[in-house]
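I have a structure I would like to understand better, so I am pasting it below and will then ask my questions one at a time.
The values are calculated or read from the model by the stated rules, or taken from the named source; none is laboratory data. All values reported here derive from a predicted model rather than from experimental measurement. So basically every Cβ, Gly included, is an ideal-geometry build from the backbone, and we count neighbours across all protein chains shown.
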Amino acid sequence: MSTPDTAPTPLTNFLRQIIEADLAQGTHAQKRWAGTPGDAAHQATAAVDPARIRTRFPPEPNGYLHVGHAKSICLNFGLARDYAGVCHLRFDDTNPEKEDQEYVDGIIDAVHWLGFDWNDPDGHENLYFASRYFDFMYRAAEYLIETGHAYVDEQSAEDMRANRGDFGKPGVNSPFRDRSSAENLQRFREMRGGQHADGAMVLRAKIDMASPNINLRDPAIYRIKRAEHHATGNAWCIYPMYTFAHPIEDALECITHSICTLEFEDQRPFYDWLLDRLADGGLIATPRPHQYEFARLNLTYVVTSKRKLKHLVDSGIVSGWDDPRMPTIVGLRRRGYTPTAIRAFCERIGVTKDYSWIDYATLEGCLREDLEPFAHRAMAVLDPLKLVLTNWDEAMGAGHLEPCQLPALPHGAGGQTVPQRHFLLGREVWIEREDFAEAPPKGYKRLFVGNKVRLKGGYVIECTGCVKDASGAITEVQALVIPETKSGTPGADSVKAKAAITWVGAHDGVPAEVRLYDRLFTDAQPDAGGKDFLALLNPESLKTVTAWVEPSLAQAQPDDKFQFERHGYFVADRHDHASDHLVFNRITGLKDSWGK
């Protein structure tokens, strides 16, 4: 399995302690296979090294992965990496109505982009699909029926739900629970043969309807569902339930540590029950996998429910799964986040069993730390106001354009020659509208009548006034250039300026579409406490402006990242940016603006 070049130093946690104890005790060194050599399930484990730690990342291909999945990816692949093991990428594709090859391809791309793969050191590809085990799962279901551990239930869904009971009331046995194994087997085969309608019956595990754990009250393990599967087509009209398929997949792939989020903790007894029954029958390898749970990622100002994310997409609230406001991995990527920043974030927040919320600012902080050393600086004016240097022609020469430059990386380039940005200063430039005030507040140091500032990388200027239109709106600021004060020359300090402001020359500046993305929700926990998340949408989550940017940005390529001085970090949009139409997305500001 590949190792990201900049993997952070791992922090210890309870999962690492479990793995280290298992390795020390040789817990998984004696794994044996009891299946029939040559069958599909046995072939899946043919390349397994029994002494190697094996984890898995098992997404359902019913949507694009989000930042919560990124935590699971980094955890499972990271543990395998750090303990010389292997992590499998497995698609739990047991629900054909909601799954699609598009999502399969998107998940593969996301895992690769984060810096991981699923190959053994010897090159064996550990890429699996639940659908490839459908034959084995069907055989396992028949085995449970034959041994009296499963039955076909023909109750209506409403009756099953009512008879299941609740936390204060035990369940009621189905009237079909005591059928003979032969009857159940016949009915199950009829289900398989398409002789019954969708929803007419289900196969249930036969455990304990009085169990205090409702998940053990004869859970459904197969249902009839006529739906075309993205991989198997119409070969099946019955499909296993996730809770039945998942432990079988783990066992067939010889997973040693099956790591899930805490919502699966109550499912662990069924996980163990099923694998114990199948091990008793010699259908799976022993020792079998064990499930361990950790707290999922709860990140402020986002929702991670796939259902809710899909609603945002389908309703047009966002432009797609990769909208830069989405917490999906494709959205974060388009927003300008880096794999290094996301891996560092996942390592920093740690792994625990405690339910807690992580501030979105933590994720942004990891990104700033990653971008700061290498993101080239550039000047951009997002709210343009024209500045005219009224004495330019007399002081500098009519039509003169003064070459200026600034370093692209102000702190150096790791021992290499620091690249320079070049631009031209002339009679007219663009400045930020907020850099001029008619009635400056106390402490204001930028342009107002009589005040001197430096045009960054250029000359000191003195403000003389402004021009307004008929409505009273300011359309132009006027100033005098002070010759012999250019930055980097002997006279640079001859005139004191209280501030330096960014600017873009009207002669060589380039227009650009700049998308100012912000958090999608105004509430820190939009997905908690039964809130209506749609009522908490941030109306300011996207503003689009026409800006002027310095000429160096005309060469920007999609996904190139920059620090726009004063404004924050920006990325050339990976889809819409082109040489004849520059498009930049704001990734994040230079500091947290929400902490207040």
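Residues checked against (1) touching a residue at least 40 places away in the same chain (Cβ under 8 Å); (2) assigned by TED's automatic domain parsing to the domain that holds His567:
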| site | (1), (2) |
| --- | --- |
| Gln478 | yes, no |
| Val481 | yes, no |
| Gly491 | no, no |
| Leu520 | yes, yes |
| Leu536 | no, yes |
| Lys543 | no, yes |
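Check Arg586, Arg566 and return the single one that is among the basic types (Lys, Arg), within 18 Å of Glu364 (Cα to Cα), surrounded by 21 or more Cβ atoms within 10 Å (Cβ to Cβ) and not assigned by TED's automatic domain parsing to the domain that holds Ile501.
Within the list Arg586, Arg566, the selection yields Arg586.
Which number in (1) free of Cβ contacts under 8 Å to residues at least 12 places away in the same chain; (2) closer than 23 Å to Leu382 by Cβ; (3) touching an Asp or Glu at 6+ places or on another chain (Cβ under 9 Å); (4) not charged (D, E, K, R) marks the one condition that Pro440 misses?
(3)
Filter the stretch 403-433 down to residues that are farther than 29 Å from Tyr517 by Cα and touching a Gly at 6+ places or on another chain (Cβ under 7 Å), then give me how many there are.
Residues flagged as farther than 29 Å from Tyr517 by Cα and touching a Gly at 6+ places or on another chain (Cβ under 7 Å) within the stretch 403-433 amount to 6.
State whether one or more residues within the stretch 280-289 are closer than 26 Å to Asp120 by Cβ, in contact (Cβ under 8 Å) with a residue 12 or more places away in the chain and assigned by TED's automatic domain parsing to the domain that holds Ser156.
No, every residue in the stretch 280-289 fails to be closer than 26 Å to Asp120 by Cβ, in contact (Cβ under 8 Å) with a residue 12 or more places away in the chain and assigned by TED's automatic domain parsing to the domain that holds Ser156.
Given the condition in a loop (DSSP other than H, G, I, E, B), acidic (Asp, Glu), surrounded by fewer than 23 Cβ atoms within 10 Å (Cβ to Cβ) and in contact with a Phe, Trp or Tyr (Cβ under 9 Å, 6 or more places away or on another chain), answer yes or no: does some residue in the stretch 312-322 qualify?
Scanning the stretch 312-322 turns up at least one residue that is in a loop (DSSP other than H, G, I, E, B), acidic (Asp, Glu), surrounded by fewer than 23 Cβ atoms within 10 Å (Cβ to Cβ) and in contact with a Phe, Trp or Tyr (Cβ under 9 Å, 6 or more places away or on another chain).
So, in the stretch 197-218, how many residues would count as being in contact with a helix residue (DSSP H, G or I) (Cβ under 6 Å, 6 or more places away or on another chain) and in a loop (DSSP other than H, G, I, E, B)?
3
Here is a further query. Output the residues belonging to the stretch 219-253 that are of a type outside the set (A, V, I, L, M), in contact (Cβ under 8 Å) with a residue 60 or more places away in the chain, over 26 Å from Asp276 (Cβ atoms) and part of a loop (DSSP other than H, G, I, E, B).
Lys225, Glu228, His230, Thr232, Trp236
When residues of the stretch 254-289 are filtered for being part of a helix (DSSP H, G or I) and either touching a Cys at 6+ places or on another chain (Cβ under 7 Å) or closer than 23 Å to Ser356 by Cβ (or both), how many remain?
Adding up the residues that qualify gives 7.
Next up: So Leu274 passes all but one of these: (1) under 25 Å from the mean Cα position of the chain (by Cα); (2) within 19 Å of Asp218 (Cα to Cα). Which condition number does it fail?
(1)
Of the residues that sit in the stretch 360-389 and are among the small types (Gly, Ala, Ser) and not in a helix (DSSP H, G or I), which one is nearest to Phe423 (Cα to Cα)?
In this case the residue turns out to be Ala378.
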